[in-house]
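Colleague: Below is the structure I would like to discuss, written out as structure tokens.
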Ligand SMILES: *Cc1c(COP(=O)(O)O)cnc(C)c1O
């Protein structure tokens with residue numbers, strides 16, 4: 001018997017839950033793409049996206065998912081034959097590295113494993129062992145969505161400055177934007193990539209490259225940039241179609257306008273705080289479950305943990321068993337153990353991920369935890385008691 005009919009809940013790390021208000025604002029007849037409201041709304045997005053990223057630079061918007069945005073950013077920062085250094089703390093940095101390789105960029109990777117943040121001392125040694133101008137850019141994720149590791153971007157910048165590295169610092173905030181604190185200007189990030197379907201609560205389809213003047217100047221020295229990815233016309237459009245190098249993503253523009261209004265109304269500091277509190281409740285529950293049996297948080301150090309996604313180890317095939325039970329019996333979908341094992345390696349079956357990014361609140365997190373506990377019981381998985389009490393303790397005393 002299944003008790004899953006009713007409101008479903010997609011608690012995976014992207015796409016995230018889409019607010020009704022965002023959906024409603026997209027439910028309109030096709031707008032005029034030559035004049036009027038659409039153009040004004042598009043222009044209004046830029047300052048508000050900058051508000052969310054704490055930046056004051058340029059933003060190019062593309063019709064693309066995160067993978068497309070990776071290529072967009074690369075196309076404007078490096079040419080074939082240039083070197084980049086990738087700091088990997090999970091699957092997604094390797095994905096960006098692969099994208100770079102396929103366009104002829106020479107990639108070195110510093111791999112910090114799957115459960116801890118970038119160690120700046122290791123980065124320091126690596127950079128000192130190479131010619132100072134070797135790397136055109138350092139690529140890293142703020143939050144890696146496979147491992148749920150969060151990196152300290154400001155400390156990486158500080159390190160680059162101390163050794164006077166001329167490399168551009170390029171950061172993937174696809175999972176973290178509007179979830180984890182991110183300060184593009186203050187942290188000295190030159191290029192940042194994001195997409196709309198995670199903290200920004202819009203269906204997948206558009207993404208963003210944020211960049212500062214330093215990155216803008218550097219781009220001019222590249223031998224060529226493809227006209228589709230070139231960020232220049234997109235940030236200085238003479239005609240409206242140049243914003244998107246073609247037809248605008250009409251309905252996404254309306255959806256994003258509404259989502260940004262929601263974030264502004266809440267205020268970004270409070271949006272980050274909400275994500276932090278909900279994460280603490282989730283971690284507290286998992287800590288209780290882990291007091292018996294094998295379940296554990298993938299990232300041991302709380303300051304290395306994302307506030308947008310949590311990766312959890314259950315061992316064996318228990319991750320897949322739990323997910324399947326939740327999916328078929330309860331109406332709740334949680335994330336697969338993506339990137340936690342090599343393809344063909346069964347270890348991935350021992351992991352799950354909770355997405356808690358964007359439109360998420362107390363009642364959703366308590367439902368997530370209560371339903372997962374029900375699932376653990378249903379599959380006969382040994383776990384400690386008191387998880388819901390621990391979560392509610394945090395959420396009731398904020
Ligand atoms: C989701 C995600 C991506 C990939 O985005 P797609 O839209 O699936 O292509 C890249 N990097 C990070 C950190 C992500 O969370």
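Colleague: Only one residue in 249, 203, 237 is closer than 23 Å to residue 10 by Cβ and out of contact with any strand residue (DSSP E or B) (no Cβ under 8 Å at 6 or more places or on another chain), so which one is that?
Modeller: Result: 203 is the single residue among 249, 203, 237 that is closer than 23 Å to residue 10 by Cβ and out of contact with any strand residue (DSSP E or B) (no Cβ under 8 Å at 6 or more places or on another chain).
Colleague: Moving to a separate point now. Mind counting the residues in region 144-196 that are farther than 22 Å from residue 74 by Cβ, away from the ligand (no atom under 13 Å from the Cβ) and surrounded by 20 or more Cβ atoms within 10 Å (Cβ to Cβ)?
Modeller: Going through region 144-196 one residue at a time, the tally reaches 0.
Colleague: For residue 127, are the conditions met, namely being within 14 Å of the ligand (Cβ to nearest atom) and surrounded by 15 or more Cβ atoms within 10 Å (Cβ to Cβ)?
Modeller: no
Colleague: Answer yes or no: is there a residue in region 250-257 that is at pLDDT 95 or above, surrounded by 17 or more Cβ atoms within 10 Å (Cβ to Cβ) and within 21 Å of residue 143 (Cβ to Cβ).
Modeller: Scanning region 250-257 turns up at least one residue that is at pLDDT 95 or above, surrounded by 17 or more Cβ atoms within 10 Å (Cβ to Cβ) and within 21 Å of residue 143 (Cβ to Cβ).
Colleague: Checking the conditions here, which among 66, 57 is away from the ligand (no atom under 15 Å from the Cβ) and surrounded by 16 or more Cβ atoms within 10 Å (Cβ to Cβ)?
Modeller: 57
Listed here are the residues, each with its yes/no results for (1) within 27 Å of residue 22 (Cα to Cα); (2) assigned to a helix (DSSP H, G or I).
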site: 208; (1), (2): yes, no
site: 214; (1), (2): no, yes
site: 217; (1), (2): no, yes
site: 223; (1), (2): no, no
site: 229; (1), (2): no, no
site: 234; (1), (2): yes, yes
site: 238; (1), (2): no, no
site: 241; (1), (2): yes, yes
site: 251; (1), (2): yes, yes
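Colleague: Identify, by number, the condition in (1) without any contact (Cβ under 8 Å) to a residue 24 or more places away in the chain; (2) surrounded by fewer than 17 Cβ atoms within 10 Å (Cβ to Cβ); (3) within 30 Å of residue 370 (Cα to Cα) that residue 232 doesn't meet.
Modeller: With (1) without any contact (Cβ under 8 Å) to a residue 24 or more places away in the chain; (2) surrounded by fewer than 17 Cβ atoms within 10 Å (Cβ to Cβ); (3) within 30 Å of residue 370 (Cα to Cα) applied to residue 232, the lone miss is (3).
Colleague: Scan 36, 66 and give me the residue that is under 25 Å from residue 241 (Cβ atoms) and touching a strand residue (DSSP E or B) at 6+ places or on another chain (Cβ under 6 Å).
Modeller: Just one listed residue meets the conditions, 66.
Here's the yes/no breakdown for (1) away from the ligand (no atom under 16 Å from the Cβ); (2) crowded, with 21+ Cβ neighbours inside 10 Å:
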position: 294; (1), (2): yes, no
position: 303; (1), (2): yes, no
position: 309; (1), (2): no, yes
position: 312; (1), (2): yes, yes
position: 326; (1), (2): yes, yes
position: 329; (1), (2): yes, no
position: 332; (1), (2): yes, yes
position: 337; (1), (2): no, yes
position: 341; (1), (2): yes, no
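Colleague: Still on this structure: Given the criteria away from the ligand (no atom under 15 Å from the Cβ), under 16 Å from the mean Cα position of the chain (by Cα), buried (at least 17 other Cβ atoms within 10 Å of the Cβ) and under 19 Å from residue 210 (Cα atoms), does residue 78 qualify?
Modeller: no
Colleague: A further question on this structure: Can residue 281 be described as touching a strand residue (DSSP E or B) at 6+ places or on another chain (Cβ under 7 Å), farther than 27 Å from residue 29 by Cα, at pLDDT 95 or above and surrounded by 15 or more Cβ atoms within 10 Å (Cβ to Cβ)?
Modeller: So residue 281 does not fit the description; no.
Colleague: Does at least one position in region 274-291 carry a residue that is closer than 26 Å to residue 54 by Cβ, under 16 Å from the mean Cα position of the chain (by Cα), assigned to a loop (DSSP other than H, G, I, E, B) and not assigned by TED's automatic domain parsing to the domain that holds residue 92?
Modeller: no
The values are calculated or read from the model by the stated rules, or taken from the named source; none is laboratory data. The structure displayed is predicted, hence computed values, not measured ones. Virtual Cβ from ideal backbone geometry, glycine too; neighbours counted across all protein chains shown.
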